[in-house]
Amino acid sequence: MSDPLVRALQELLGPQRVLATRGELLVYECDGLTQFKSAPRCAVLPHSTEDVQAILHLLHRERTPFVARGAGTGLSGGAIAQRDAVLIELSRMKQILEIDPVDRIARVEVGVVNAELSKAVKPYGLFYAPDPSSQTACTLGGNAAENSGGPHCLKYGNTTRHMLALEVVLPDGTRETLGDPFAGSAGYDLRGLFIGSEGTLGIATEITVRLCPQPESVVTLLAAFETLDAACRAVSDLIARGVQASAIEILDQRTIDAVESSVFRAGYPRNAGAVLLVELDGPAIETAEDAERVEAIARANHAILLQRAADEEQRMKLWKGRKGAFGAMGRVAPDLYVQDAVVPRTRLPEVVRGIGEICDKYRLRLANVFHAGEGNLHPNIAYDGTRAEEVERVHEAGREIFELCISVGGSLSGEHGIGLEKREFMHLLYSPEDLATFCRVREAFDPLRLANPEKVLPVHACLELRSALPSGERGTR
Amino acid sequence: MSESMANARPATACGEAPRPPEGAHVATREQLAHWTRSLDCIHCGLCLSSCPTYQVTGRENASPRGRIYLMRAVAEGRLEPDASYTQALDECLVCRNCETACPSGVRFGELMEFARDEEKKRVPPRGLAGFVERIAFRHVLPKRRVLGALLGTLRLYQRSGVQTLVRKSGLLRRLAPQLAAREALLPVIPSRRERAPLLERYPAHGERRATVGFLTGCVMHPLMPEVHRATIRVLNDQGFDVVVPPSQGCCGALHFHFGHADEGKELARANLRAFLREPLDAIVNNSAGCGAAMKEYPHQLEGEEARRFSSLVRDVSEFLVERGLRPIAPGPKLRVAYDEPCHLIHAQKISAAPKQLLRAIPGVELIPFDGQESCCGAAGIYNLVQPTLADAILSPKIAAIAKVRPDVVVTGNPGCLMQIKNGLAAAGLAIPVKHPIELVP
C-alpha cells in the first residue's frame, strides 16, 4: 500500500475501514447508471459525523477531491468518483437517532434506508412521504442529495418538503447546521439550497425529517387501456378536471411484461397496452367520491379494465410491481438507460408519442414507466452495453428526447438529478450567465472544488468563470 | 421444478445473445452460460438491504450486486482475481435472500456456486485449513462410517471430561482463540444407541395414503436423531409409508455451496440411484438446505432422472400441507417463535406451509418477531469459517427473540437450529430450539 493518502486515512479510521485494492474498488466504479465508469482512488467507511469531519479535513489539506455515496442506487451517475476522488461510503451511518411522534419529526443518520424509516414510525401511525422506487435500498442521504421524488410526491411533494434540518460537513471539514425543525426560515434557506445539490456543496451526516400521519383511507385503482396514448389522455383529463390524487402512474406494455415475469408480479393485465395506477388518500368520504370520478374519466377514455385493490395486501402488490419495474427490465436486455425528463402534464400524450418515434428511428427497445401525474417521464431504453454501435444510438436518442422535452417547456430532471449523465445538456436549459451564477454558489461552499467534482455543471461553464476571477479570489474562502 | 427455474427470463426477449467482450475468459459452455446469466443484473441495487453481510459491513463488495459485478469483471478479464476477490466470494452466506428481492430474477445462488467452484480450481485452498477442508468434503461428509467414527471420538471427548477440562482451563482460548470459538459451537453428540441407523421401512398408521422416500442426510441423523424419529412418526401418523433407502448419502449441498461441485455431483448421482430404485410418491426431507439442493439437482446434472428426482422432493411441512393434514391431537399450550430458514423461504419459496402446520397443532400460538425472515448466520459451515461475521449476523436475531420470550423457537434446518441454540445459550437464555415437526404430538 504505497499511496500515502491511504496510509493517512488508515491511521485516521483503522485499516478495516479503508478499502484500497483494485478488487475492493472496482465495485464502486458506477452506481445505478452503468454508462459511466470510474473507480475511486480509495473508499472509506465513516461511522460518525466526527469521522466525516476528520476525513474531509485531511482531504482538504491534501487538496484531494471526494464523493459521497449512500446505497449507490442513483440513476444519473452522481456517486461516481471522477478525478481519482476518494469515495466516502456512508452506509454504516444508519442509526435512527430520535423519533418524536408528538411533534412528528425524526432525526436520522444519512445512511438510514428510506423504507426503514417508514417501517420504524409505522407503530405511531406515521410515515415518511417521499417514496422513490428504490426506497427499500436507497438512503435518506442520497435522497437529500438528489431531492428525490417518488409516486406519492404528487400529493406530498419531493424530499425538500420533508427534510427540515441538516447537519452538514463542508468541504474543509467544518460542521454546520442548516435549517431548523421548528423555527420558520429566517434569512436565506441554505437547507433548501443544499437539498438537491448532488453532493457538490458538502456532505450531510444527520437529517431531521417531517413525518406525516397515515391517511384515514386509501383507495388504489388500476385502469387498463388498449394503448399508451389512451392512458396518457386519461391522465391529462384527470389533471384538467382537478382530481386530487396522491399518485398517478403509468406502465406500458413492455414494462407490464417484465414485471409480470418477475418475483414482483402484480396481476397487471398482460394484454393491455398500458395500465394506469391511481391512488387516492384522505377522509373515506372524499376518497370514495374521488374514486368514482377517476373511474368515470377512465371509462370515458375507453379503459378496458377497471379494478380497485380489495385489501392492503393487493395494494402492496400493485405498488411493489411498479417499484420493481426498473430492475425487472434486466429481463429485457443487460443494460438500461432511464431518463427523467419532466414535461407539462397537458402535453403528455404528444411527448410520449414523440419519444416512441425517436426510439423507433434509432431502432431501440423502449419501455415507459412514469409518474404521469407529475409529467415526470421515465423512458427506459434497454440495450446491450457490449455493442458500441448500439450505445451510440442510445446517446443520440437520449439527446433528441431531451431536446423534445425542453422544446415543449419541460426540464431535464424530475428527481434523478443531473449528475454526470445530463450535465452536457444543461446549456439547453440555462444561459451561460445562469450557469456562471450556479458556479458562484458552488464556489461559496467549495472554493477548491473538491466536493463531487465534474457533476451537475458543465466543466467549461465554471472554467470560464474561474479565468474571469481575479487570481487572488481563486481557491480561497 | 424449482421457482428459480420457472423464473428464467423469456428466451426471446433479448433478441440476439450478448457476446463476451474481447479478452474475456469465457471459454467453456458453462462459463458462457454463467457470464450470460450475470448480465441479468442491471445494477439497480434493490438487493442491498436484503443482504445480511452488506447490512453488517456496509461494503459494496459484500453485497449481491457487488459480488456479481466482480464475477463479471473476472469473467470479462477486467479484474485479475486477488485476495479481496476470494474474500468477497467467501463472505457470502448463499442465503439467497437477494433472489427474493431481485426484480430481474437473477439466479444468484447458481452464479455464486459456479464462481466459487472456478475459484477453488484456480487456487486450491492450501495449508492446514485447505487440508482439513479437503478431508471433510471428500472423506468425512460423504462417508457415513468415517463420520460416525469422528462423532464417536467427539462424544468421547465430551463424556470423558476432557471437554470440561479444556473449557474450564481456558487453555484453548488463550492458545488458539479461533479454534476455541469453533469448539464452543460443538453440539452434544448423542450416544451410539441413539445414533443407530434407521430401519429401511416404517409402515403408515391407519389407512395408507402414499409412500414416501426419506432423506437422512449426513450430519443430521447422527447429531439430531430425535428430529428424524419425529418426522417419521408424524409421516406414519398422517398415513404415509416411509422408505429409507440404505444406499443414500449426503445431499451435496455443502459441496455445491463451498466450491466442490465435482464431489457434490457424485453424491447427487448416488442419491438418484438410491431413491429412483422403487416408485415413490415423494422424496421427503426435513432440512431446508438439503431440500433446496435436491430440488436444484437439474442445475448440476443433466438428464431426465435428475428432473424426475427433483420434481418429487418436498420439505416435510410442504408435503403434509399439500396432502392435507389429518387432525392433530392437542399438545401443551406453547408460545412458539418460528424462524424462517433461508433455504426454505428464499431458495424454495416456502413460508406459509411450516406456519400452517404449526397452527394446525391445538395449543400452539405463533409469536412473530423482528427479523424472523432474516438469516441467522449458520449457512452450512459458514459459522465455522466466518465466525466474526456469523456472530454479527446472528446477534440481532437473538435480541429479537429475547424481546418476545417464546416458550420455544422452531426452525426447519439443522444448521440454523444449532446456530440459534448456541446464540441463545451464549446470551444466557434458556429457550429450547426445535424442529417444527417435533412439536406435532
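The values are calculated or read from the model by the stated rules, or taken from the named source; none is laboratory data. A quick note: this is a predicted structure, and the numbers were derived from the prediction, not measured. Neighbour counts run over all protein chains shown; Cβ positions are idealised from the backbone, glycine included. When the accessible area is computed, the model is the full protein with side chains, heavy atoms only, and any ligands, DNA or RNA have been set aside. Shrake-Rupley method; radii C 1.70, N 1.55, O 1.52, S 1.80 Å.
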Within region A:371-424, restricting to residues that are at pLDDT below 90 and part of a helix (DSSP H, G or I), the one that is nearest to B:ARG19 (Cα to Cα) is A:ALA388
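Each row is one residue, and each column tells you yes or no for (1) in contact (Cβ under 8 Å) with a residue 12 or more places away in the chain; (2) open to solvent by 10 Å² or more (accessible area, probe 1.4 Å); (3) under 26 Å from B:HIS43 (Cβ atoms); (4) among the β-branched types (Val, Ile, Thr).
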site	(1), (2), (3), (4)
A:PRO334	yes, no, yes, no
A:PRO349	yes, yes, no, no
A:GLY385	yes, yes, yes, no
A:ALA388	no, yes, yes, no
A:GLU392	no, yes, yes, no
A:LEU404	yes, yes, no, no
A:SER413	yes, yes, yes, no
Name every residue in region A:245-256 that is open to solvent by 20 Å² or more (accessible area, probe 1.4 Å) and free of Cβ contacts under 8 Å to residues at least 24 places away in the same chain, in order of residue number. none
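Does any residue of region B:214-235 turn out to be surrounded by fewer than 18 Cβ atoms within 10 Å (Cβ to Cβ) and touching a strand residue (DSSP E or B) at 6+ places or on another chain (Cβ under 7 Å)? Before the answer, list the steps.
Residues of region B:214-235 that are surrounded by fewer than 18 Cβ atoms within 10 Å (Cβ to Cβ), as a first pass: B:226, B:229, B:233.
Right, trim to touching a strand residue (DSSP E or B) at 6+ places or on another chain (Cβ under 7 Å) and you get none.
Scanning region B:214-235, I find no residue that is surrounded by fewer than 18 Cβ atoms within 10 Å (Cβ to Cβ) and touching a strand residue (DSSP E or B) at 6+ places or on another chain (Cβ under 7 Å), so the answer is no.
Within region B:329-338, can one find any residue that is more than 13 Å from B:THR411 (Cβ to Cβ) and either crowded, with 21+ Cβ neighbours inside 10 Å or without any contact (Cβ under 8 Å) to a residue 40 or more places away in the chain (or both)? I'd like the intermediate steps shown before the answer.
Of the residues in region B:329-338, the ones more than 13 Å from B:THR411 (Cβ to Cβ) are B:329-335.
Next, only the ones that are either crowded, with 21+ Cβ neighbours inside 10 Å or without any contact (Cβ under 8 Å) to a residue 40 or more places away in the chain (or both) stay: B:332-333.
Yes, because at least one residue in region B:329-338 is more than 13 Å from B:THR411 (Cβ to Cβ) and either crowded, with 21+ Cβ neighbours inside 10 Å or without any contact (Cβ under 8 Å) to a residue 40 or more places away in the chain (or both).
Does A:LYS94 meet the test of being open to solvent by 30 Å² or more (accessible area, probe 1.4 Å) and under 24 Å from B:CYS44 (Cβ atoms)? Steps first, answer last, please.
On the way: open to solvent by 30 Å² or more (accessible area, probe 1.4 Å): yes; under 24 Å from B:CYS44 (Cβ atoms): yes.
So A:LYS94 passes the test.
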Cβ pairs under 9 Å, 6+ apart, first in region A:224-244 and among the aromatic types (Phe, Trp, Tyr), second assigned to a helix (DSSP H, G or I) and open to solvent by 10 Å² or more (accessible area, probe 1.4 Å): A:PHE225/A:ARG233
Residues being within 14 Å of chain B (Cβ to nearest Cβ), in a loop (DSSP other than H, G, I, E, B) and not aliphatic (A, V, I, L, M): count how many of those fall in region A:100-117. 1
Which of the residues belonging to region B:406-436 are open to solvent by 40 Å² or more (accessible area, probe 1.4 Å) and modelled with pLDDT of 95 or more? B:ASP407, B:PRO432, B:LYS434
With (1) in a loop (DSSP other than H, G, I, E, B); (2) under 17 Å from the mean Cα position of the chain (by Cα) as the list, and B:ALA329 as the residue in question, which single condition is left unmet? (2)
Conditions first: (1) assigned to a helix (DSSP H, G or I); (2) free of Cβ contacts under 8 Å to residues at least 40 places away in the same chain. B:ALA204 passes all but one, so which condition is the exception? (1)
Anything in region A:13-58 that is more than 9 Å from chain B (Cβ to nearest Cβ), within 23 Å of A:VAL112 (Cβ to Cβ) and of a type in the set (D, E, K, R)? List them, or say none. A:ARG17, A:GLU50, A:ASP51
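Of the residues that make up region A:273-281, is at least one in contact with a Lys or Arg (Cβ under 7 Å, 6 or more places away or on another chain) and buried (at least 24 other Cβ atoms within 10 Å of the Cβ)?
First, pick out the residues of region A:273-281 that are in contact with a Lys or Arg (Cβ under 7 Å, 6 or more places away or on another chain): A:277.
Okay, now just the ones that are also buried (at least 24 other Cβ atoms within 10 Å of the Cβ), so A:277.
Yes, because at least one residue in region A:273-281 is in contact with a Lys or Arg (Cβ under 7 Å, 6 or more places away or on another chain) and buried (at least 24 other Cβ atoms within 10 Å of the Cβ).
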From (1) assigned to a loop (DSSP other than H, G, I, E, B); (2) within 28 Å of A:ALA230 (Cβ to Cβ), pick out the condition that doesn't hold for A:VAL352. (1)
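With a cut-off of at least 1 residues that are closer than 21 Å to B:LEU320 by Cβ, name the helices (runs of 4 or more DSSP H) lying wholly within region B:252-305.
Ranges flagged: B:261-275, B:288-295.
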Positions within region A:168-181 being surrounded by fewer than 20 Cβ atoms within 10 Å (Cβ to Cβ), part of a strand (DSSP E or B) and touching a residue at least 40 places away in the same chain (Cβ under 8 Å), in sequence order: A:ARG175
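Confirm whether B:GLU183 is under 20 Å from B:LEU384 (Cβ atoms) and acidic (Asp, Glu).
yes
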Those residues that are more than 8 Å from chain A (Cβ to nearest Cβ) and within 25 Å of the chain's Cα centre (by Cα), I need them from region B:66-83; list them, please. B:ARG67, B:ILE68, B:MET71
